[in-house]
Protein chains: 2
Amino acid sequence: MKQKRFFLSEQEIPNKWYNIQVDMPNKPEPMLDPVTRKPVTVDDLSQIFCRECSKQELNFTDRWIEIPEEVQEMYKFYRSTPLVRAYGLEKALGTKSHIYFKNESVSPVGSHKLNSALAQAWYCKNEGITNVTTETGAGQWGTALSYAAQLFGMNAAVYQVKVSYEQKPYRRSMMQVFGAQVTPSPSMSTRAGKNILTNDPNNMGSLGTAISEAVELARMTPEKCKYTLGSTMSHVSLHQTVIGLEAEKQMEMAGEYPDEIIACFGGGSNFSGIAFPFMRHNFSGKTNTLFFAAEPTSCPKITRGIMAYDYGDVAGYTPLIKMYTLGHNFMPANIHAGGLRYHGAGSVVSQLAADGFMKGIDINQIEAFDAGTLFARTEGIVPAPESCHAIAATIQRAKHWDEAGESKVLLFNLTGHGLIDMASYDQYLQGNLVNYSISQQDIDNFTKDL
Amino acid sequence: MKQKRFFLSEQEIPNKWYNIQVDMPNKPEPMLDPVTRKPVTVDDLSQIFCRECSKQELNFTDRWIEIPEEVQEMYKFYRSTPLVRAYGLEKALGTKSHIYFKNESVSPVGSHKLNSALAQAWYCKNEGITNVTTETGAGQWGTALSYAAQLFGMNAAVYQVKVSYEQKPYRRSMMQVFGAQVTPSPSMSTRAGKNILTNDPNNMGSLGTAISEAVELARMTPEKCKYTLGSTMSHVSLHQTVIGLEAEKQMEMAGEYPDEIIACFGGGSNFSGIAFPFMRHNFSGKTNTLFFAAEPTSCPKITRGIMAYDYGDVAGYTPLIKMYTLGHNFMPANIHAGGLRYHGAGSVVSQLAADGFMKGIDINQIEAFDAGTLFARTEGIVPAPESCHAIAATIQRAKHWDEAGESKVLLFNLTGHGLIDMASYDQYLQGNLVNYSISQQDIDNFTKDL
């Protein structure tokens, strides 16, 4: 019998994260202070983020960063996550390629987000912070932070994008089980939220808006409360590299090396996590792996956005970031993959895309659920709507190589399970889902002032 | 750092199940045909169940039964499941005891039920069956069968207890994602269902009723369609022994042996699964492990039922089984632990209870959710309401030993996660849950004709 799943022993779990900022050939443009327009410093970032994360964000010198022992201890709750050979999916596709996935859905909170939440919560705790706040889309990040805060004895306040809050009520319950306070965003609890609701009382929110609210809350009492972010930033990508570092060892156990690595793309955290450790071998010329970011057709910043300085949020509280963006006022369609409804791509990933180290594949909503349902029926795991995009892109790639008569080794990241999102599968099974795209005119419009 | 989780390699996953019927000192009384009242034969059982399961049911001679290679292959999708040291829970309790749990929630369908569903589906397939049917309470068994049927290319029809169907809509969606046809029970699609609805149009169903409906459906076309059961029967317990066989090896890796083993108890499948492989060492006098079945206070058949011949279902279609029962007409309160709402305990487990090898602990609904929430906050896994009972009983035992000034090794089975049941946690967090108990008069009443 062929081996299906590959695990590392607890001793083999990485004890360092990989900092790609040291190795990437062209560094990202500096983030700029939204008021002074000068490059931000660690001190600037520390107004919002905890100090250690602020330092990691601007660290271009240390290739390997030690994972705090307390975080390593917590990683053992669910790591190593399995690397799985998708024999069932391969068979259903009739593909000659070998498909592997890294199953991050086995984390207690159901997604890869915990990898960074544990780190951020621990650093906050270590710096004497008592309260953490954040935004969440689909709820995966909010759940992860709620649990991590609970573990380290802190309070968590989560702003959940209103459309997700309503589509996915179980997510709210889960955050509350972990002890968090959850508020639908836009809310009346912040100036940013109030402004939006005044203009548009039925506004269903976006990640950009929820970020503004959380940042505003953190700024009210900066000595006690810090903002945490689940994606986009370099320090978040750093923490997620534990995924790819594990996968590298596990692929070795499987006796193969990936020709292509595919991940869904919202702000870039899971993509970075699985891709960066492998990408470093491309930098050194050792390998020539292809990297694909699977984006929703309705929110295609890598595929169709422009590279420009833009805000990370709607209200303009965050630093200006040079990145692929659809404009910070862009309001994505209400697709079920709430975690992919973000306008920007983060500075590091954007630079890597600009330099040709990765590219985007855009996936329609129905194609994503087609792929997710096939995956559930063949591999037994109901994937999160976000992860469905990675599966759909992987299927595209497998078909591409079959048509070319070639067999490749494909690795994708299964970021999370969809058990909290069954309502979206209901919609799909009932034929009620629609595809959304975005016109060039809309893109031009949202990006014209950048 | 101390090791938290213990895994077996794929080579170490058991390739045989343990058949306790060979070793138990007193065999269970024979099951009787509901019409002739004679002991049932393999031929009789094969009217409803597939032939191989019918044989296993009455097998008192083979201690070890080979797991079919195809089923072993599928076990590798999620097995071995982790054995976990609950350091977080121990710390929160301040207990001196060591608490371990076997985490069956990592199965693709979220519970231990898949262990038997894969076996039953494969045997059916192997015998040329094209359709399988079953009942489900909380939905865990129905989901497992739906997925297993899908894997082996069969159709599945699931009768879901109406109260669960309404309380847990995501379960229905999940079964449908796996391709099953799901009907709330009682339904108008069977004679048994119609009879009940005629008398009581608002009847919210029970496992006993749903079983009647599924059995009736299977009997309509016995050559093409077989009934499958997720608990109670000896062949189901047999398949579940993979849990305890793994746990035995994993406890050895941890360097400890359990003094007490605790599992929640509906029909007995997960209890048997974790307990039987360890209990065999009690039979031989090598060990003196204590075994506890954690039951809801509202459905306490082991704790307060009578040992008598009774039907497994409401309509009286199943064989008569000598077991601890609350009477087949007993209608349990609508607690959220739908999988524990069953009136009977199965013949083998009942005999073992009568012989003093195990005992019941009854747990109130609110105590169960208190325990589950503490577990979620300390170990990160939101447990199924059923599993919450095992956690609450484990906490009781840890406190008992702390009061006695002793430290014990406690092992419980975490049967499933509660991510599909977040609505029940909502009720709990809002303070809307109530405890249910049952009066002696009610028990006397429901069991008086047995």
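In this simple spin-label approximation, A:ARG37 and B:GLN11 carry label points 7 Å from Cα along the Cα→Cβ vector, and these lie 6.6 nm apart. Residues whose amide H comes within less than 5 Å of that of A:SER206, counting only those at least five positions distant or on another chain, are A:LYS162 (H built at 1.01 Å from N in the peptide plane).
Distant-in-sequence amide contacts of B:ALA294, defined by a placed amide H-H separation under 5 Å and a gap of 5 or more residues or a different chain, comprise B:ALA263, B:CYS264, B:PHE265, B:ILE361. Shielding by partners for peptide B:145-151, expressed as the average number of C-beta atoms from other protein chains within 10 Å of each residue's C-beta, is 2. Classification of segment A:224-278 by its C-alpha gyration tensor yields a prolate form. The axis ratio a/c (a ≥ b ≥ c) is 1.5 or more, and a/b outweighs b/c. Separation of segment A:144-194 from segment B:153-194 is 33 Å, based on Cα centroids. With contacts defined as alpha carbon pairs under 8 Å and 6 or more residues apart, what's the relative contact order of chain B in percent? The normalised contact order for chain B reaches 19 percent. If we count GluC sites (Glu not before Pro) as exposed when they sit in a DSSP loop and have at most 12 other beta carbons within 10 Å, what is the longest stretch of chain A that avoids them all? Counting at most 12 other Cβ atoms within 10 Å as exposed, the longest clean stretch of chain A is A:1-222.
A straight line joining the Cα centroids of segment B:262-291 and segment A:221-263 runs 42 Å. Applying the Karplus relation 6.51 cos²θ - 1.76 cosθ + 1.60 with θ = phi - 60° to segment A:421-434 yields 3J(HN,Hα) values of 10, 4, 4, 6, 5, 3, 4, 5, 5, 7, x, 9, 7, 10 Hz, where x marks Gly and Pro. Taking amide H as placed 1.01 Å from N in the peptide plane, the amide H of B:ASP310 sits under 5 Å from that of B:ILE321, B:LYS322, B:MET323, each at least 5 places away or on another chain.
Judged by the ratio a/c of the largest to the smallest principal axis of the C-alpha gyration tensor, chain B counts as rounded, that ratio being less than 1.5.
Mean per-residue shielding of peptide A:176-184 is 3, counting Cβ atoms of other chains within 10 Å of each Cβ.
Computed about its Cα centre, the charge dipole of chain B is approximately 320 debye, with only Lys, Arg, Asp and Glu carrying charge at their Cβ. For A:PRO68, the distances from its label point to the matching points in the remaining copies are 5.2 nm, ordered from shortest, with each point set 7 Å beyond Cα toward Cβ. In chain B, the beta carbon lying closest to the axis that superposes B onto A belongs to the residue given here with its whole-angstrom distance, B:LEU419, 2. Spacing of the modelled spin labels on B:ASN445 and B:GLU69, each 7 Å from Cα toward Cβ, amounts to 5.8 nm.
Distances between copies of B:ALA404, taken at a point 7 Å out from Cα along the Cα→Cβ vector and listed shortest first: 6.8 nm. For segment B:303-450, the Cβ-based charge dipole about the Cα centre amounts to some 180 debye (Lys, Arg positive; Asp, Glu negative; other atoms uncharged). Segment B:401-415 and segment A:34-113 have Cα centres spaced 36 Å apart.
Quick check: net charge around B:GLY110, other residues with Cβ under 13 Å of its Cβ, Lys/Arg +1 and Asp/Glu -1? For residues surrounding B:GLY110, the net value is 0.
Within 12 Å, Cβ to Cβ, of B:TYR87, how many net charges do the neighbouring residues add up to if Lys/Arg are +1 and Asp/Glu are -1? Every neighbour counted, the sum reads +3.
Here the 3J(HN,Hα) profile of segment A:46-57, calculated from phi with Karplus coefficients 6.51, -1.76 and 1.60 at θ = phi - 60°, is 5, 5, 10, 8, 5, 5, 5, 5, 4, 5, 4, 4 Hz, Gly and Pro shown as x.
Placing unit charges on the Cβ atoms of the charged side chains and taking the dipole of chain B about its Cα centre, the candidate lying farthest along the positive direction among B:GLY344, B:ASN432, B:MET204 is B:ASN432. Note that segment A:99-112 has calculated 3J(HN,Hα) couplings of 10, 10, 9, 8, 9, 7, 5, 7, 4, x, 8, x, 7, 5 Hz, one per residue in order, obtained from phi through the Karplus relation 6.51 cos²θ - 1.76 cosθ + 1.60 (θ = phi - 60°); glycine and proline are x. For segment A:330-450, a/c is not less than 1.5, where a ≥ b ≥ c are the root eigenvalues of the C-alpha gyration tensor, and a/b does not top b/c. That puts it in the oblate class. Of the residues B:PRO332, B:PRO258, B:PRO34, the one that moves most in a GNM of chain B with alpha-carbon contacts below 10 Å is B:PRO34. Ordered by the number of other Cβ atoms lying within 10 Å of each residue's own Cβ, fewest first, A:LEU238, B:LEU145, B:LEU151 fall into the sequence B:LEU151, A:LEU238, B:LEU145. As a rough footprinting exposure proxy, the listed residues A:MET174, A:MET307 were ranked by other beta carbons within 10 Å of their own, and the order from fewest upward is A:MET307, A:MET174. Take every pair of alpha-carbon atoms less than 8 Å apart whose residues are at least six positions apart; their mean separation over the length of segment B:1-119 yields a relative contact order of 29 percent. Ranked from shortest, the separations from the 7 Å Cα-to-Cβ label point of A:GLN181 to its equivalents in the other copies are 5.2 nm. With a Förster radius of 30 Å applied to the C-beta separation of B:ILE366 and A:ASN432, the computed FRET efficiency comes to 0.20. The ranking of A:ILE13, A:ILE361, A:ILE391 from fewest to most other beta carbons within 10 Å of each one's beta carbon is A:ILE13, A:ILE361, A:ILE391. Projecting the Cα positions of A:MET422, A:ALA384, A:PHE412 onto the charge dipole of segment A:359-434 (unit charges on Cβ atoms of Lys, Arg, Asp and Glu, taken about the Cα centre) puts A:PHE412 furthest along the positive direction.
Any read-out appearing in this document is the output of simple, stated calculations on the displayed coordinates, not a laboratory observation. It should be emphasised that the depicted structure is a prediction, and the values quoted were computed from it without experimental measurement. Cβ coordinates were reconstructed from backbone atoms using ideal geometry, including for glycine residues, and neighbour counts include every protein chain displayed.
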